[in-house]
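The values are calculated or read from the model by the stated rules, or taken from the named source; none is laboratory data. What you are looking at is a predicted structure, and each value in this text was computed from that prediction instead of being measured. Here Cβ is always computed from backbone atoms with ideal geometry, including for glycine, and neighbour counts include all displayed protein chains. Accessible surface is based on the protein model in full, side chains and every heavy atom, while ligands, DNA and RNA are left aside. Shrake-Rupley method; radii C 1.70, N 1.55, O 1.52, S 1.80 Å.
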Amino acid sequence: MHPLTANEDSRLLFWARVRKSAVPPLMIESATARRMTGDWAGACAAAHVDVDLWLGDLDRKLAAKVRADLRHLAPDLLRWHFPRVTDGLLRPGLTVSLARYGTARHLVARTPPAWAAAGGRISLALWDPSRPRAGAGGHPHPHPDRRFRLDLHRHLWDARRAGELGERSGARHWLAGSCASHRWRAEAELMLRAEGRTDDVVTVRLSAQHQLTLNPATGEIAPGRAGPVLPDAAIWVPPDLELLRSGLINADRLHPLVASALVPDHRPLHSARPPDGPRLIQCCGVTHRIALVDGKLVPLDHDPDEIRREELLIALGGTSSPCLQAIQSPEEQAETAARQLAHGLYRAGLAGFAVHPPARVRTSRARPRHASSR
């Protein structure tokens, strides 16, 4: 831990607040579970990311590349690292390049303008420079932003590359400030190579008033501006690393992929519950279990007679037990997610893949108290 200046302290306290609530653990858990099963559209729905992709319009080779990237997209990780403004909200009206296919199309993530923020939604789309406004609706800046780009920093959204965050952020170096200056030279070379440019200098934008010129060949830095702008993701140390080093956050409060990259020997305090494992509920003063049985959620510690009595009580306007309330809540969430998934597939031109909400749990089929979970 190192002493903080007043400005550093204020900035890190801001990021500590953002990290506490901007990407809730339940969103991360839900999006990760769907991504791990190959359900990229469901993962996007769980992370409040809309899909505006029409893969049917693409040739087979390009469509295969886009699908491969979508399968490994961690939309909750993208939300975690997405540029934000001073109130902690996602930067509005922004188009961020996630991947570039040749010299033409980009997979992009967009935020709507501030007046249409819709609770912090992000949308995925394809951008084609030959049709710059195609599919962009009324977006004020449909073209990829040069300053905020992640196509050269896939570790900030691609689950396969998330482990690179440690090296590229400076986790293995002791950094006195928020600038990742140890990486500027390598990042500049990477950008120039990707652009196919022969420029020998790049611009490092520290603020609107303070910009530097970097010569990657020699490592020389001087005041001024010349050449293409180095992306923000290459200039700054991610706030998570600074929060860890200042003691304002612990690894358990980080996104799991971020925690594993920045603190390789970290082990979560609580291991994730298997998808079909029993869930413990405090019900009527005792601990009960609900679990998946034959693909349906059932209360394992209520016998059929109890369930029938509760169903009658509910029909008469009464309140059900905590076990049945807990079952009803995941069912409603699953139905909502299924509707969002169906809408996302429709927008993506994949309407032929029917998606139906899960059947309601028939609690009357609950097993007696001695039943064990699978």
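The residues of the stretch 308-324 that are at pLDDT 80 or above, under 39 Å from the mean Cα position of the chain (by Cα) and not in a loop (DSSP other than H, G, I, E, B), listed by number, are Pro322, Cys323, Leu324. Per the listing Gly102, Gly163, Gly170, Gly88, the residue uniquely out of contact with any Lys or Arg (no Cβ under 8 Å at 6 or more places or on another chain), among the small types (Gly, Ala, Ser) and at positive phi is Gly102.
Which residue out of Thr32, Thr37 is of a type in the set (S, T, N, Q), over 24 Å from Arg84 (Cβ atoms) and open to solvent by 30 Å² or more (accessible area, probe 1.4 Å)? Before the answer, list the steps.
Values: Thr32 fails: over 24 Å from Arg84 (Cβ atoms).
So the residue among Thr32, Thr37 that is of a type in the set (S, T, N, Q), over 24 Å from Arg84 (Cβ atoms) and open to solvent by 30 Å² or more (accessible area, probe 1.4 Å) is Thr37.
Every condition in (1) of a type outside the set (Lys, Arg); (2) assigned to a helix (DSSP H, G or I); (3) under 25 Å from Pro25 (Cα atoms); (4) open to solvent by 30 Å² or more (accessible area, probe 1.4 Å) holds for Leu77 except the one numbered (4). Would it be correct to say that Thr336 is surrounded by fewer than 19 Cβ atoms within 10 Å (Cβ to Cβ), out of contact with any helix residue (DSSP H, G or I) (no Cβ under 7 Å at 6 or more places or on another chain) and at pLDDT below 75? Answer is yes for this residue. Give me a count of the residues in the stretch 103-112 that are over 15 Å from Trp54 (Cβ atoms), buried (at least 19 other Cβ atoms within 10 Å of the Cβ) and of a type in the set (A, V, I, L, M, F, W, C). Adding up the residues that qualify gives 1.
One residue stands out in the stretch 255-281 among those that are open to solvent by less than 50 Å² (accessible area, probe 1.4 Å) and either touching a Pro at 6+ places or on another chain (Cβ under 8 Å) or in a helix (DSSP H, G or I) (or both): the one that is modelled with the lowest pLDDT, namely Ile281.
Quick one: how many residues across the stretch 54-90 are touching a Ser or Thr at 6+ places or on another chain (Cβ under 8 Å) and either at pLDDT below 95 or charged (D, E, K, R) (or both)?
Here is the first cut: in the stretch 54-90, the ones touching a Ser or Thr at 6+ places or on another chain (Cβ under 8 Å) are 74, 76, 82, 90.
Of the ones still in play, those that are also either at pLDDT below 95 or charged (D, E, K, R) (or both) are 76.
Summing the residues that are touching a Ser or Thr at 6+ places or on another chain (Cβ under 8 Å) and either at pLDDT below 95 or charged (D, E, K, R) (or both) in the stretch 54-90 gives 1.
Taking the stretch 49-74 as the search range and keeping residues that are among the acidic types (Asp, Glu) and exposed (fewer than 15 other Cβ atoms within 10 Å of the Cβ), which one is nearest to the chain's Cα centre (by Cα)? Going through the qualifying residues, I end up with Asp57. Look at Ala68 and say whether it is within 22 Å of Asp151 (Cα to Cα), out of contact with any helix residue (DSSP H, G or I) (no Cβ under 7 Å at 6 or more places or on another chain) and in a helix (DSSP H, G or I). Taking the combined requirement at face value, the residue satisfies it. Selection of first residues in the stretch 209-229 that are touching a residue at least 40 places away in the same chain (Cβ under 8 Å) and of second residues that are open to solvent by less than 80 Å² (accessible area, probe 1.4 Å) and in a loop (DSSP other than H, G, I, E, B), restricted to Cβ pairs under 8 Å at least 6 apart or on distinct chains, gives the following pairs, ordered by first then second residue: Pro228/Asp199; Val229/Arg147. Only a single item in (1) at pLDDT below 90; (2) surrounded by fewer than 19 Cβ atoms within 10 Å (Cβ to Cβ); (3) assigned to a loop (DSSP other than H, G, I, E, B) is not met by Trp115, and it is number (3). The single condition among (1) modelled with pLDDT of 90 or more; (2) within 30 Å of Pro25 (Cα to Cα); (3) open to solvent by less than 30 Å² (accessible area, probe 1.4 Å) that Leu175 does not meet is (1). Comparison of Arg17, Arg11, Arg91, Arg35 shows that the only residue that is more than 18 Å from Asn250 (Cα to Cα), out of contact with any Phe, Trp or Tyr (no Cβ under 9 Å at 6 or more places or on another chain) and among the basic types (Lys, Arg) is Arg35. Residues in the stretch 89-100 that are touching a helix residue (DSSP H, G or I) at 6+ places or on another chain (Cβ under 6 Å) and open to solvent by 10 Å² or more (accessible area, probe 1.4 Å): Pro92 alone. A search for C-beta distances below 7 Å between a residue of the stretch 11-33 that is among the basic types (Lys, Arg) and any residue that is part of a helix (DSSP H, G or I) and surrounded by fewer than 17 Cβ atoms within 10 Å (Cβ to Cβ), counting only pairs 6+ apart in sequence or on different chains, returns Arg19/Arg253.
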